[in-house]
Amino acid sequence: MTIEKGDFIRVSYTGKTDEGHVFDTTDEDVAKANSIYNEKGKYGGDVVIVGAKHTVAGLDEDFVGKEIGYTGSITIPPEKAFGQRNPELIENIPMTKFNQRVQVGMPVEVDGRPGMVIRAIGRMAQVDFNRFLAGQTVTYDYEIKEKIDDIEGKVKGLLGLYIGKDLPVQVNEDSITVDIEPELTYNQRWLMSKRQIAREVIDNTGIKEIIYLEKYNKEILEPKATE
């Protein structure tokens, strides 16, 4: 069965720069070996919708026409990866904009824009606001592990992709209910992603409505005793 645009697939991958530096992976051991392990991250493979821009364009396009179980590698130029570098996105920022002492290589945020300090002299810091790995050719080694056909698996897959959580999902005739952990109320990733998750579920399945349900009980509401 060949993969088509709109299919939900589980894919494992490792992304490398031209120099062989691993910058992203779904393999926990590889992440640890390359010092990019995130203890809050979700490993073992991501569920993506082919053609939905869940990965860089070059990798997303390469999925089409492949078979389940396919293992391979693809080298992707900047325009199909993280974009070309734009010199105009390198700006001089006054040190007074920062609430801490900046150093070269430090990630910063200026007026809501993420960037990297590439130079710091006197009262000014030079910040690169280009996208991470912009201008670089990258290589992805990947495996298409499975195609997801059931609605529950699709929803759980998107929840894992966007917020790294495995939440209870109940499928009704044409609607889905997702039980939300109370802690997610203040989770920025959740607040920014829940509408997009609902949109992608409705646009790519027969589901017409997705319901996010928060539950509270005495155990949740009572503060835990401190030792």
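Quick note: the coordinates plus some simple rules give every number you see, no bench work behind them. What you are looking at is a predicted structure, and each value in this text was computed from that prediction instead of being measured. Neighbour counts run over all protein chains shown; Cβ positions are idealised from the backbone, glycine included.
Using +1 on the beta carbon of Lys and Arg, -1 on that of Asp and Glu, and nothing else charged, what's the dipole of the stretch 45-113 about the Cα centre, debye to 20? It would help to have the intermediate numbers written out before the result.
On the way: 7 positive and 10 negative charges, 57 e Å.
In debye, rounded to 20, the stretch 45-113 gives about 280.
Please list 152-160, 183-191 highest first by mean number of surrounding beta-carbon atoms within 10 Å per residue.
Highest-to-lowest ranking by the protection proxy: 152-160, 183-191.
Once Lys and Arg get +1 and Asp and Glu get -1 on their Cβ, which of Asn99, Leu89, Val117 lies farthest toward the positive end of the dipole of the stretch 87-128?
Of the listed residues, the answer is Asn99.
Once R0 is set to 45 Å, what does the formula 1/(1 + (r/R0)^6) return for the Cβ-Cβ distance between Met1 and Gln126, expressed as a FRET efficiency to the nearest 0.05? Before the final figure, lay out each step's value.
On the way: r = 51 Å, r/R0 = 1.13.
Calculated transfer efficiency: 0.30.
In debye to the nearest 20, how big a dipole does the chain give about its Cα centre with +1 on each Lys and Arg Cβ and -1 on each Asp and Glu Cβ? Kindly include the intermediate steps, with their values, before the conclusion.
Details: 29 positive and 39 negative charges, 193 e Å.
Around 920 debye, computed over the chain.
Using the Karplus curve 6.51 cos²θ - 1.76 cosθ + 1.60 with θ = phi - 60°, what ³J(HN,Hα) values do you get for each residue of the stretch 182-188, in whole Hz, with x for Gly and Pro?
x, 5, 5, 3, 10, 7, 5
Give the calculated FRET efficiency between Thr75 and Gln188 to the nearest 0.05, with a Förster radius of 41 Å applied to their Cβ-Cβ distance.
0.75
Under 5 Å between amide hydrogens, which residues at least 5 positions from Ile148 or on another chain qualify, with H placed 1.01 Å from N in the peptide plane?
Excluding prolines and chain starts, which carry no amide H, the hits are Phe8, Ile9, Arg10.
For the stretch 105-164, with only Lys/Arg (+1) and Asp/Glu (-1) charged at the beta-carbon, what is the dipole magnitude about the Cα centre, in debye rounded to 20? Walk me through the numbers before you get to the answer.
Numbers: 8 positive and 9 negative charges, 76 e Å.
That gives a dipole near 360 debye.
May I ask which of Lys5/Lys156; Lys145/Lys208; Lys40/Lys156 have a Cα-Cα span longer than 25 Å here? Kindly include the intermediate steps, with their values, before the conclusion.
Numbers: Lys5/Lys156 20 Å; Lys145/Lys208 28 Å; Lys40/Lys156 17 Å.
Lys145/Lys208, as the Cα separations exceed 25 Å there.
Would you mind computing, in nm to one decimal, how far apart the modelled labels at Glu181 and Phe23 are, each placed 7 Å from Cα along Cα→Cβ?
In this crude label model, Glu181 to Phe23 measures out at 3.0 nm.
So what J values fall out for the stretch 150-155 if you push phi through Karplus, 6.51 cos²θ - 1.76 cosθ + 1.60 with θ = phi - 60°, rounded to Hz, Gly and Pro as x?
7, 4, 4, x, 5, 5
For Val138, which sequence-distant residues (separation of 5 or more, or a different chain) have an amide H within less than 5 Å of its own amide H, given hydrogens modelled in the peptide plane?
Ile76
Given H placed on each backbone N at 1.01 Å, which residues far from Met124 in sequence or on other chains put an amide H within less than 5 Å of it?
Met95
Along the charge dipole of the chain, Cβ charges K/R +1 and D/E -1, which of Phe132, Gly157, Gly45 sits furthest on the positive end?
Phe132
Using the C-alpha gyration tensor of the chain, what are the square roots of 5 times its eigenvalues, in whole angstrom, with the largest one first? Display every interim value, and only then the final one.
On the way: eigenvalues 225, 151, 55 Å².
So the equivalent ellipsoid measures 34, 28, 17 Å along its semi-axes.
Taking R0 as 41 Å, what FRET efficiency do you get between Lys215 and Asp150 from their Cβ-Cβ distance, rounded to the nearest 0.05? Walk me through the intermediate numbers first.
Working: r = 24 Å, r/R0 = 0.59.
The formula returns an efficiency of 0.95 here.
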